[in-house]
Structures are given as structure tokens and as C-alpha cells.
Amino acid sequence: MSNKHPQNAKEFVANDERMHWHDQALWFVREKRDTSTKTIPEWEQLREHANSIKTHTMANLDKYLLEFEKNATAKGITIHWAKDAKEHNEIVEKILNQNSVKKVVKSKSMLTEECHLNPYLESKGFEVVDTDLGERIVQLRNEPPSHIVLPAIHLKKQDVSDTFHEKMGTQKGNYDPTYLTRAARADLRQKFLDADAGITGVNFAIANTGAIVVCTNEGNADMGANLPKLHIASMGIEKVIPRLEDLGVFTRLLARSATGQAITSYTSHFAGAVEGGQMHIIIVDNKRTPFLQSQKYQKALNCIRCGACMNTCPIYRRSGGHSYEYVIPGPIGSTLATFRDPKKHKTLSFACTLCGSCSHVCPVKIDLDSQLYNHRQDLTAQNIIDPKKKFAMKATSWLMSHPTLFDIAGKVARKVVPILPKSFIYNKANVWGKQRDLPQMPKNSFKELYKKGLEDDK
């Protein structure tokens, strides 16, 4: 239950050293993004154009999905439609069984994470190996990814070394990143050679060509899609774009927003099966269509999964991805999760300072801070939020709407708080007090200082 976010975040920040390096590591990525975008004079125009393409596509989604299906089918690709995660997983299982598959290699796909495909296939007797290095690390640790681009960002090299020693027999205590990477590469290469099928995600599905595009930095999607004779690609309905000409807009935005690179190391187009093989694409809804009917939240479907909003978010950087307990953490995950199940994810829209940094860096201009603010209003109207929070906010609102009483309360606080014993101030009810000291009370309020300033000017 992601209603545990406040408690999970509290546990994360309790380890001050971990919180600090996690925060700094992600801010380093954010700074790389800033440096990279400054090399593109037309950056804001690109963002605006991407937003326009996505908005147009969502308004005509049925048309472009059917066009994509027609053109992909003409290339010999088999198209499947899945209404939800259960149907998606059953389709994958059926295809694998029809081809007598036992061993599967899989590249990064947040949709398959969303559908919990790995545990489903493993329960049916299939061996499933994640081949993205970060995904492989967390798979060996039996953990979900904590970031959509940097799945193991919450781990140090010492953690990875210990995991590899336990699971792969590497040298104990060898924390050298080059050694660990080479060990993973050797292990994964054999997995690729032994695989009967490869499963990939889809970054973009091009309607007018029927091809899909997969972006990686490790080439693992290419290996998984080309070495076995069977390639299965899973995509959400929102991944389609109208034309091949539109692709360049998004590839210029994606890598720069994600890691500061000009482009991912591999931007691979798949337009049919390998010789003598099969290619299947599963187009999945899984509660996406309701977004199309919502004026306030429809733009959340524009997301291209770059992770920029996570890299800049002060809450995510200081509380970690696992604290959200949703497949996609951070600002975009908070709005997606809350829209899908407001009761289950009622705390996530409050895991936000409303600073607007996420909206500022989003390459497709999703109004993330506005959406999270709107979720708060909706939760309050539906009487879903914590009663204590609702009472506190109503009481604060009432007090601030009565200036005379607000002034009196301020004067009393400025005189009384300095003489109160610390045990009274820093009690169990004062959650903030466990991490922060109360600021020193000023002698005068801003209102009093302002009035005095006006009088001095006379």
C-alpha cells in the first residue's frame, strides 16, 4: 500500500549518509541534463512541438493505433491487444508455449514491470533474465527498480559487489566497477546465447511505418531481439506517434532529459522478425483510456519515460523510489498512481513541494505540479485524505482568514514559544521536530515591521 510513503520516506531519511549521496547522485544527472539542453538553442521549441504532437496523437489515438496495426501487420508482425495486465501476461505465456520456449531474456520495460510479468512467467516455469545491468542487479536482489532509467540508483558499488558475490560467485570484497561490469557482461552473454525468446519494451511505435523504436545504452534489447528467433514487444497504447518524421523530435529530447546524452547509444528500429523467426507486439491499455476522458490529467499519457522529473524532485531525491511503492515513482508516478486508484495512493500527491521543477524539466511539458495539486483538491472533495490532515488544514485556513485572530495568535506564539521546555515542543505530535529545529522566534511580525517601515519613511 503506497499510503505508507510518509513512513517509508521517514525510514529513508533516517540514514543521513545514504540520503545525501542519493540526493547528490540524482542532482548530478539533473545538472548534466541542464548542460546538454543549453547546447540546443531551440530546446523550448522542441518541447512545445513534442507536446503538440502528443496532444494531437492522444486526440486521435484510435486512428493512429489502427494505422500502426495495419502497417505492422503488412510487415509480417503479429499484433495482439490486451485490455489489462492479466490479459497481457496470458498472451505472452501463450506465445511462449506455442513456441516451446523455456528461457527468456528481457530488456527494460516499465510496462512489463507494471504488469508484474516476471513473477507471472516464473510461476509458470519459465526462466526470465533481465538484461539491462541495473535491472539485472535489482532482479538478483529480488527488488523492484527504484528509478525508471537508473533502476539501481539506490545502491552503492559495495551493495552490488556483495550481491554479485552471493549470486554469481565473483570475488568477495572486489568493489571495482569495471570488474563488476565485466562479470555481469560475461554472465549475461551466456544468457543471451541460451535464450529461446526475447522480450523488449517500446519507446515509440510509428504509425505510418508499422515499426517500433527501442532506445538503450547497453545494446541488450538488440541482442534479445535478434539472437533468439522469437521477439515479443510490449507497449502501452500511448507509445504510438503519427509519423517517422516525428521521431527526431523525441529522440533529441529523450536522452538529454534522461542522462544528458545527445542520444542513447542504441536507437534501434524493429520492422519485422529476424529471418525464419517471429515478431509479436502486444498493445496494452491497462487503465490508460480513462486518462483520455480527463481534461485535468490527460497529459500524463504524454510521458516518454525519461525520468527527468525524478532527478529534479527534492522529495524523490531525499526519499528514494521504493518509498512510493508504485512501479513508477516520483512526480509522474504520483499522478498516474493517484488517478488510477486514489484511495490506495492517497498520500502520493502530498509527496510534493509544488515547486514546479518537475514541470520545468519535463521534455513534453506535462503540467505535473498542477496535476498533483488537482489531485489534492479531488482527494479532499472525495473525503479520502487523512482526517487529521484535513482538520489541520481547515483550522489553518480558518485562522488565516481572520486577520485579527491571526495577529493575536502570532503575538502569543512569539512570547510563549521561547520559554516553553523543549520536551513540550519536540513531542510525538511534532513529526517535523525529529529532523528540524524550530526557527528562532522573531520579536516582531512582518506586518509590524512593514508598518514601522512606512512610519519611518514619513
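Anything in region 319-342 that is part of a helix (DSSP H, G or I) and under 19 Å from residue 360 (Cα atoms)? List them, or say none. The answer is 330, 331, 332, 333, 334, 335, 336. The requirement of being surrounded by 12 or more Cβ atoms within 10 Å (Cβ to Cβ), free of Cβ contacts under 8 Å to residues at least 60 places away in the same chain and under 30 Å from residue 3 (Cα atoms) is not satisfied by residue 444.
Checked against the criterion of being among the charged types (D, E, K, R), surrounded by 17 or more Cβ atoms within 10 Å (Cβ to Cβ) and within 26 Å of the chain's Cα centre (by Cα), the candidates 54, 83 yield just one match: 54. Is it fair to say residue 69 is touching a Lys or Arg at 6+ places or on another chain (Cβ under 9 Å), more than 24 Å from residue 326 (Cβ to Cβ) and outside the structural domain of residue 367 (by TED's automatic domain parsing)? No. Does residue 100 satisfy the criteria of being in contact (Cβ under 8 Å) with a residue 12 or more places away in the chain, buried (at least 17 other Cβ atoms within 10 Å of the Cβ) and small (Gly, Ala, Ser)? No. Checked across region 250-259, the condition of being closer than 23 Å to residue 289 by Cα and either of a type in the set (Ser, Thr, Tyr) or modelled with pLDDT of 95 or more (or both) holds for at least one residue.
Can you tell which of 121, 117, 61, 26 is hydrophobic (A, V, I, L, M, F, W, C) and more than 25 Å from residue 218 (Cα to Cα)? That would be 61, the only listed residue that is hydrophobic (A, V, I, L, M, F, W, C) and more than 25 Å from residue 218 (Cα to Cα). Candidates are the residues of region 168-205 that are surrounded by 14 or more Cβ atoms within 10 Å (Cβ to Cβ) and small (Gly, Ala, Ser); the one that is nearest to residue 223 (Cα to Cα) is 198.
Go through the residues of region 261-281 one by one and say whether even a single one is crowded, with 23+ Cβ neighbours inside 10 Å, in contact with a helix residue (DSSP H, G or I) (Cβ under 9 Å, 6 or more places away or on another chain), aliphatic (A, V, I, L, M) and closer than 30 Å to residue 27 by Cβ. Looking through region 261-281, none of the residues is crowded, with 23+ Cβ neighbours inside 10 Å, in contact with a helix residue (DSSP H, G or I) (Cβ under 9 Å, 6 or more places away or on another chain), aliphatic (A, V, I, L, M) and closer than 30 Å to residue 27 by Cβ. The conditions of being within 20 Å of residue 96 (Cα to Cα) and crowded, with 18+ Cβ neighbours inside 10 Å are met by residue 221.
For region 225-249, name all the residues that are more than 24 Å from the chain's Cα centre (by Cα) and surrounded by 24 or more Cβ atoms within 10 Å (Cβ to Cβ).
Within region 225-249, 225, 228, 231 meet the criteria.
Cβ separations smaller than 7 Å between residues 6+ apart or across chains give the following pairs from region 376-400 residues that are under 20 Å from residue 353 (Cβ atoms) to residues that are surrounded by 13 or more Cβ atoms within 10 Å (Cβ to Cβ) and among the basic types (Lys, Arg): 379/346; 380/390; 385/346.
Could you please give the count of residues in region 110-160 that are of a type outside the set (Val, Ile, Thr) and touching a residue at least 40 places away in the same chain (Cβ under 8 Å)? First the steps, then the outcome.
Our first condition is that a residue be of a type outside the set (Val, Ile, Thr); within region 110-160, this holds for 110-111, 113-127, 130, 132-136, 139-147, 150-152, 154-159.
Applying the additional criterion that residues be touching a residue at least 40 places away in the same chain (Cβ under 8 Å) yields 110-111, 113-115, 117, 132-133, 136, 143-147, 150-151, 154, 156.
Within region 110-160, residues that are of a type outside the set (Val, Ile, Thr) and touching a residue at least 40 places away in the same chain (Cβ under 8 Å) number 18.
Kindly evaluate residue 133 against the criterion of being of a type in the set (A, V, I, L, M), farther than 21 Å from residue 29 by Cα, modelled with pLDDT of 95 or more and out of contact with any Gly (no Cβ under 7 Å at 6 or more places or on another chain).
no
In the set (1) touching a residue at least 40 places away in the same chain (Cβ under 8 Å); (2) surrounded by 13 or more Cβ atoms within 10 Å (Cβ to Cβ); (3) farther than 30 Å from residue 325 by Cα, the condition left unmet by residue 35 is number (2). Residue pairs whose Cβ atoms lie under 6 Å apart, separated by 6 or more positions or on different chains, with the first residue in region 337-354 and assigned by TED's automatic domain parsing to the domain that holds residue 382 and more than 20 Å from residue 289 (Cβ to Cβ) and the second among the charged types (D, E, K, R) and not in a loop (DSSP other than H, G, I, E, B), are 349/376; 354/369.
Just to check your reading of the model, which residue among 160, 128 is in contact with a strand residue (DSSP E or B) (Cβ under 6 Å, 6 or more places away or on another chain) and either modelled with pLDDT of 95 or more or surrounded by fewer than 21 Cβ atoms within 10 Å (Cβ to Cβ) (or both)? Being in contact with a strand residue (DSSP E or B) (Cβ under 6 Å, 6 or more places away or on another chain) and either modelled with pLDDT of 95 or more or surrounded by fewer than 21 Cβ atoms within 10 Å (Cβ to Cβ) (or both) holds for just one of 160, 128, which is 128. Only one of the listed residues (376, 414) is among the basic types (Lys, Arg) and within 27 Å of residue 114 (Cβ to Cβ). That residue is 376.
Considering region 111-125 alone, what residues qualify as being surrounded by fewer than 19 Cβ atoms within 10 Å (Cβ to Cβ) and at negative phi?
119, 122, 123, 124
Filtering region 387-428 to residues that are surrounded by 12 or more Cβ atoms within 10 Å (Cβ to Cβ) and under 30 Å from residue 3 (Cβ atoms) leaves 389, 390, 393, 399, 425, 426. Among residues that are without any contact (Cβ under 8 Å) to a residue 40 or more places away in the chain, farther than 30 Å from residue 72 by Cα and aromatic (Phe, Trp, Tyr), residue 373 is included.
Taking the conditions exactly as written (at pLDDT below 85 and either touching a Lys or Arg at 6+ places or on another chain (Cβ under 9 Å) or crowded, with 16+ Cβ neighbours inside 10 Å (or both)), does residue 431 satisfy them or not? Yes; evaluated as a whole, the condition is true for this residue. Selection within region 372-382: residues that are more than 15 Å from the chain's Cα centre (by Cα) and buried (at least 22 other Cβ atoms within 10 Å of the Cβ). The member of this set that is nearest to residue 55 (Cα to Cα) is 375.
The values are calculated or read from the model by the stated rules, or taken from the named source; none is laboratory data. All values reported here derive from a predicted model rather than from experimental measurement. FYI the Cβ positions are ideal-geometry reconstructions off the backbone, even for glycines, and counts take in every protein chain you see.
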